[in-house]
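> Sharing a structure here in structure tokens format.
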Amino acid sequence: MEQTPPGSFIVYSFYRVTPAWLTLPKDEKGRAISEVVAKVEEAKGQLSVRTYSTLGLKRDADFLLWLISKELHPVQALASTLRKTAMGPYLESSHTFLAVTRESTYLKDHGHEVKVNVEPGKGKYLFVYPFVKTREWYLLPLEERQKMMNVHIKVGHEFPGIRINTSYAFGLDDQDFMVSFEGDAPKEFVTLVMRLRETEGSRYTQRDTPIFTCVKQPIEEILWSLG
């Protein structure tokens, strides 16, 4: 089955600060934060960077860097640069998820424009998690899978305020897919997920955790909020 080549690499990189960060003088923190902000802004010339706070919403993560890049080198370069800043010794990478965009098998005949690149929207919240299907799912005939996905897509259309971003991680990371949902109403997202649990296709979900609720925020505000 011919497909267009994959588009961009998607990386969801979660960080947390060590307890030692809390003990630093305010002026020292200020200099360190300014350096990180400058490096993140500089990196935007090579890749897309979206920043989100997870402070108080996940035990092992304080913030997210959502990175989109045509190549992996800029992603690694930013990670290396952050380690070399004055804040680097106080930052820990708690979770990193890698995937790539490509056209969906199930949307071609569903009235959707086929896209291979993620274009982040303006939603205040981002809900992120890895997704693994059972091996039985992939052994089903395509027509049967398409029928179940049609129901899945129909449910999603009932929640126009929620936008999905799907990327593929086969062979790149531990999961099959990385999915993220953008929106302005977390309670609406809860209802959407509850509805999706009731569809036939959900029986073929093997794993869809850990789940992260992220709040869009400028990186400088995020870093100052950490203590």
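> Which residue fluctuates most in the GNM of the chain (Cα springs below 10 Å): Ala61, Ala99, Ala43?
Ala43
> Lysines within cross-link reach of Lys133: Cα-Cα under 17 Å, excluding same-chain residues under 8 positions apart?
Cα-Cα hits under 17 Å: Lys147.
> Does a label point 7 Å from the Cα of Leu22, set along Cα-to-beta-carbon, have any residues of segment 62-82 with amide nitrogen under 18 Å, and which are they?
62-63
> On to the next question. Does the chain come out rounded, prolate or oblate by the C-alpha gyration tensor, with a ≥ b ≥ c the root eigenvalues, rounded set by a/c under 1.5 and, if not, prolate when a/b is larger than b/c and oblate if not? Spell out each step's value before the answer.
Working: a/c = 2.28, a/b = 1.84, b/c = 1.24.
Taking the square roots of the gyration eigenvalues as a ≥ b ≥ c, the chain is prolate.
> Now, a different point. What number does segment 125-213 give for Rg over Rh if you use C-alpha atoms and the Kirkwood radius?
Numbers: Rg = 13.1 Å, Rh = 13.7 Å.
Rounded to two decimals, Rg/Rh equals 0.95.
> Only sites in a loop by DSSP and with at most 13 other Cβ atoms within 10 Å count here; which GluC sites (Glu not before Pro) in segment 137-227 make the cut? Write out the running numbers ahead of the final one.
Numbers: sites: Glu143, Glu144, Glu158, Glu182, Glu188, Glu198, Glu200, Glu220, Glu221; in loops: Glu158, Glu198.
Loop-located and lightly packed - Glu158, Glu198.
> Can you give me the P(r) profile for segment 1-112? Cα pairs, bins 5 angstrom wide beginning at 0, each as a whole percent.
Spelled out per bin, shortest first, that is 2, 10, 18, 21, 17, 11, 8, 6, 4, 2, 1, 0.
> Hey, another quick one. Run down the lysines and flag those whose C-alpha is under 24 Å from the C-alpha of Lys122, throwing out any fewer than 8 positions away in its chain.
Partners found: Lys39, Lys44, Lys58, Lys70, Lys154, Lys187, Lys216.
> Once you treat every alpha carbon in segment 32-166 as an equal point and sum by Debye, what is log10 I(q)/I(0) at q = 0.20, 0.21 Å⁻¹?
Rounded to two decimals, the profile gives -1.34, -1.42.
> Further, regarding this structure: Which longest uninterrupted range of the chain lacks any trypsin sites (Lys or Arg not before Pro) assigned by DSSP to a loop state (not H, G, I, E or B) and surrounded by at most 15 other Cβ atoms within 10 Å?
Working: sites that count: Lys44, Arg59, Lys70, Lys108, Lys115, Lys122, Lys124.
Looking at the chain, 125-227 is the longest stretch - no exposed trypsin sites (Lys or Arg not before Pro) with at most 15 other Cβ atoms within 10 Å.
> Which of Gly123, Gly45, Gly201 ends up with the largest GNM mean-square fluctuation for the chain, with Cα atoms connected below 10 Å?
Comparing Gly123, Gly45, Gly201 in the GNM, the peak value goes to Gly45.
Each value in this text was obtained by applying a stated rule to the coordinates, not by laboratory testing. All values reported here derive from a predicted model rather than from experimental measurement. Positions of Cβ are generated from backbone atoms using ideal geometry, with glycine treated the same way; all protein chains shown enter the neighbour counts.
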